[in-house]
Amino acid sequence: MIQWSIDKIVHLRRLASEAVRISLPWPKKLYAAVFCLLVGYVFCLPQKLFDVPYSTIVLDRRGELLGARIADDGQWRFPPSDTVPEKFKICLTAFEDRYFQYHWGVNPLAVARAIRQNILNGRIVSGGSTITMQLIRLSRGNKRTMLEKAIEMTLATRLEFRCSKDEILALYASHAPFGGNVAGLEAAAWRYFGHSPTQLSWAEAAVLAVLPNAPSMLHPSKNRQALLTKRNKLLKRLLDAHTINELTYELAISEPLPGEPLPLPQIAPHLVANYYLTRNGKKTVSTVDCGVQTRVESILSRWNGEFVRSGVRNLAAIVVDIEMNQVIAYCGNVGFSSGASGSQVDVIRAPRSSGSILKPFLYCAALQEGELLPDMLLPDIPININGFSPQNFDRQFSGAVLASEALARSLNVPAVQLLRTYSVPKFYNFLKKAGITTLTKPASHYGLSLILGGAETSLWDVASVYCLMARTMLGMNDAPFTTDFSTPNMRNAQPVFHSGAVWQTFEVIKGVNRPEEIDWQVIPSMQPVAWKTGTSYGFRDGWAVGTTSKYLVGVWVGNASGEGVSGLTGARTAGPVMFDIFNIMPSSSWFLTPYDDLTEVEVCRQTGHLKGRFCTDADTALVAVNALRTATCPYHRQISISDDGHRVYADCAGDSGIKLVSWFVLPPAWEWYYRQHHPEYQPLPSYSPKCADGSDSPMQFIYPQRNITISLPKQLDGSNGSVVFELAHSNSNAKVYWHLDNDYVETTQYFHRLSLTPTPGKHTVTVVDDAGNTLSTTLRVEN
């Protein structure tokens, strides 16, 4: 508290005395003295009465208390309030200062009565202080003396000129002691009665009105009979004054006194802890809806009971109202006060490996920039790029897969292939612009692993970007969401997402089946949700984010310590939690189709590309406006077929008839895997013996790619290990003859894999099949 000394008043008194002694006529001396005293009186009251630390308070959007943190001096002292509940105001003035509304800070009658009582008793039994004087005494905190009393009276009258009666009552109610380490009406109401001061009953208001009079003697946990007597005496006074009726009085005196101080609410504790660090000593009205928050916390607690049996201890969720752009549920973790491992870590803001959760962003970015169509074929074959060899979750390859299917199935290899085409630096910049704040290293550090969890992100950032996508569909600004009403929404200079591309992305991930092999679309109560899951390397993080046109839900499951658990996947853990949360939210209609940001084109039904010259089967589709930049279908070719079914050229067909046919042709490496899943696929017919074939190679190296540099692994004995070379051939029965630097090595058939140990340096690998087709690739080997 501010310790006001009497130096100012003493100094002004000296000035007044000097004015009297100087050689001026007495009237002027008097005027000078009065002027000095008046100036001193005007400026004797500091601008700020109290300089004390306050508790950190967080309220929900309707003013309900979510939680609080004690002030730095160990007191439960809530930040000052501007208003005082009517019941407490009536009780306080009736008990402490019945003439509060009429005097100017000092009640002469009360002072005279106090002097008389003190003289008769031979000791101080009454101080005659008004509420205003008590407020001054609280702010000064000095020992009670006659001089101090005079100073309090002077400052009290000055305070009455500065503040209204309601403001004085509000200051008093916010700083009065209520026993123990409780100061202020709001803290007392919550600690003793477990609710807001606005909900006080007459009996409760009377208890709190008498407590500041002697907080060390009258406390709910001691001297209870004295407290009860004073409370009931005050209630009788209110009855006699016809403030309350007989029934209210009887009910009030029948209420029991409060017991030990109650613990404050612990709702959204991680959000409260965040505000304790960032807005210490402030009262924050958050955007959280207490009702939704408690229901989500209940869901997380129930699921945590299931997950902990498998060694998964932590769980977080966030719910956002998309239209309002506000967080309505913030569950940073479970078991905040349980002492469980990692329970106090706010996972919502903690950087974690992203797994596959960023894939829809790449899909959407490629769509809106005209580098992809929704169902365009992407390669799904083994790749090895400088030692980076991604695998799909099921360790299988499809050869070629529709982009929409690759996203719906969360295939890793097609995602890497798409990122390779789109470019890592461009996607890196796109993510940062969209709101991913955890990319602290340059794009080259992450490389192609950026799309598979090679970078860390937070549930906050991921949810924020998905929310931007949803708000783009609603035609709203793309400002990030917030957890409180005081944070302004800072809008991006240029829109990050285009509604057409977002709509196509949402349509793909809306069609994903629910976890646990349940198709949510057949559940009548389930609303359509665009959702995506993700799993980080080593089963450390399970992600699930979903959105409707009204709400977004994000869930993370794992161990805050980073410990992996076998079987911890987003689809099996975070996904079911997310849908349980959606089930408690009101249903909403699906997004409207943004026709203004879409265009109608003909696409090849088999390849998803724009219809080419030789595509025989096409569909009309709505695509993003930049889709016209993409190439036409390169996989349908026109070939000449002779009567005997061979491929021919016009100059070598002889007497055979020629038929022009459109043929679906994939690159050999794609074809080799594609045929395993698509038995209907027909490879190109072989050339007629009369025709030479110099244009198409039926072979393609799967590994290594051309001009790659390979580092040989080391064996336990220190010797160099081997490298497995792999080849795809369109003819499954073909024999292939392998050569290393023109030296024959081995022959393979059916499965064309060969283990070699080349010496350090540059090498050429050449393969020749039994039809005479030749293919070569070069590589460099390092130790």
Can you tell me which residue in segment 275-302 is farthest from Leu185 (Cα to Cα), limited to those that are of a type in the set (Lys, Arg) and in a loop (DSSP other than H, G, I, E, B)?
Arg279
Determine which single condition Asn232 fails, assuming it passes every other condition in (1) part of a helix (DSSP H, G or I); (2) crowded, with 22+ Cβ neighbours inside 10 Å.
(2)
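I'd like the full set of residues that are part of a helix (DSSP H, G or I), of a type in the set (A, V, I, L, M) and either more than 14 Å from Gly447 (Cβ to Cβ) or in contact with a Ser or Thr (Cβ under 9 Å, 6 or more places away or on another chain) (or both), limited to segment 406-431. Write out each step before concluding.
Applying the first criterion (part of a helix (DSSP H, G or I)) to segment 406-431 yields 406-408, 412-422, 424-431.
Restricting the remaining residues to those that are of a type in the set (A, V, I, L, M) gives 406-408, 413, 415-416, 418-419, 424, 431.
Ala406, Leu407, Ala408, Val413, Ala415, Val416, Leu418, Val424, Leu431 - these are the residues of segment 406-431 that are part of a helix (DSSP H, G or I), of a type in the set (A, V, I, L, M) and either more than 14 Å from Gly447 (Cβ to Cβ) or in contact with a Ser or Thr (Cβ under 9 Å, 6 or more places away or on another chain) (or both).
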All but one of (1) open to solvent by less than 40 Å² (accessible area, probe 1.4 Å); (2) touching a Cys at 6+ places or on another chain (Cβ under 6 Å) hold for Glu297, so report the exception by its number.
(1)
So the check is Cβ under 7 Å with 6+ separation or different chains; which pairs have a first residue in segment 143-159 that's free of Cβ contacts under 8 Å to residues at least 24 places away in the same chain and a second one that's part of a helix (DSSP H, G or I) and surrounded by 20 or more Cβ atoms within 10 Å (Cβ to Cβ)?
Glu152/Met133; Glu152/Ile136
Answer residue from segment 726-746, given it is more than 14 Å from Ala771 (Cα to Cα) and out of contact with any Ser or Thr (no Cβ under 9 Å at 6 or more places or on another chain) and is most open to solvent (accessible area, probe 1.4 Å) among those
Tyr744
Condition first: open to solvent by less than 50 Å² (accessible area, probe 1.4 Å) and under 19 Å from Ala771 (Cα atoms). Now tell me which residues in segment 692-725 satisfy that.
Asp696, Pro698, Met699, Phe701
Just a yes or no: is a residue in segment 258-274 open to solvent by 40 Å² or more (accessible area, probe 1.4 Å), without any contact (Cβ under 8 Å) to a residue 24 or more places away in the chain, assigned to a helix (DSSP H, G or I) and closer than 30 Å to Val327 by Cα?
no
Pick out the one residue from Val767, Val745 that is under 28 Å from Asp380 (Cα atoms) and either among the aromatic types (Phe, Trp, Tyr) or at pLDDT 85 or above (or both).
Val767
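Yes/no matrix, rows are residues, columns are (1) part of a strand (DSSP E or B); (2) under 30 Å from His678 (Cβ atoms); (3) open to solvent by 20 Å² or more (accessible area, probe 1.4 Å):
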site	(1), (2), (3)
Gly554	yes, no, no
Gly562	no, no, yes
Gly567	no, no, yes
Pro576	no, no, no
Asp580	no, no, yes
Trp590	no, no, yes
Thr593	no, no, yes
Thr607	no, yes, no
Arg613	no, yes, yes
For Phe361, all conditions in the list (1) within 19 Å of Val462 (Cβ to Cβ); (2) surrounded by fewer than 23 Cβ atoms within 10 Å (Cβ to Cβ) hold save one; what is the number of the exception?
(2)
When the residues of segment 82-99 are narrowed to those that are out of contact with any Leu (no Cβ under 8 Å at 6 or more places or on another chain) and assigned to a loop (DSSP other than H, G, I, E, B), which ends up least open to solvent (accessible area, probe 1.4 Å)?
Asp97
Log entry, pairs with first residue in segment 743-771 being touching a residue at least 24 places away in the same chain (Cβ under 8 Å), second being hydroxyl-bearing (Ser, Thr, Tyr) and in a loop (DSSP other than H, G, I, E, B), beta carbons closer than 7 Å, six or more apart or on different chains, reads Ser755/Ser722; Leu756/Ser722; Thr757/Ser722
Tell me whether segment 420-427 contains one or more residues that are buried (at least 20 other Cβ atoms within 10 Å of the Cβ), closer than 21 Å to Ile348 by Cα, at pLDDT 95 or above and aromatic (Phe, Trp, Tyr).
no
Restricting to segment 347-402, count the residues that are part of a helix (DSSP H, G or I) and free of Cβ contacts under 8 Å to residues at least 60 places away in the same chain.
1
Regarding segment 235-256, can at least one residue be identified that is touching a residue at least 12 places away in the same chain (Cβ under 8 Å), β-branched (Val, Ile, Thr), surrounded by fewer than 20 Cβ atoms within 10 Å (Cβ to Cβ) and farther than 29 Å from Gly63 by Cβ?
yes
Every listed condition ((1) without any contact (Cβ under 8 Å) to a residue 40 or more places away in the chain; (2) open to solvent by less than 80 Å² (accessible area, probe 1.4 Å); (3) under 22 Å from Thr709 (Cβ atoms); (4) out of contact with any His (no Cβ under 7 Å at 6 or more places or on another chain)) holds for Thr777 save (1)
For segment 386-401, how many residues meet the condition of being of a type in the set (S, T, N, Q) and closer than 16 Å to Gln705 by Cβ?
2
One residue is enough: does segment 326-346 have a residue meeting the conditions charged (D, E, K, R), open to solvent by 40 Å² or more (accessible area, probe 1.4 Å), touching a residue at least 60 places away in the same chain (Cβ under 8 Å) and in a loop (DSSP other than H, G, I, E, B)?
no
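The values are calculated or read from the model by the stated rules, or taken from the named source; none is laboratory data. This structure is a prediction, so every number in the text was calculated from the model and none was measured. Note that we place each Cβ from the backbone using ideal geometry, even for glycine, and neighbour counts take in every protein chain shown. What goes into the accessible areas is simple: the full protein's heavy atoms, side chains included, and nothing from ligands, DNA or RNA. Shrake-Rupley method; radii C 1.70, N 1.55, O 1.52, S 1.80 Å.
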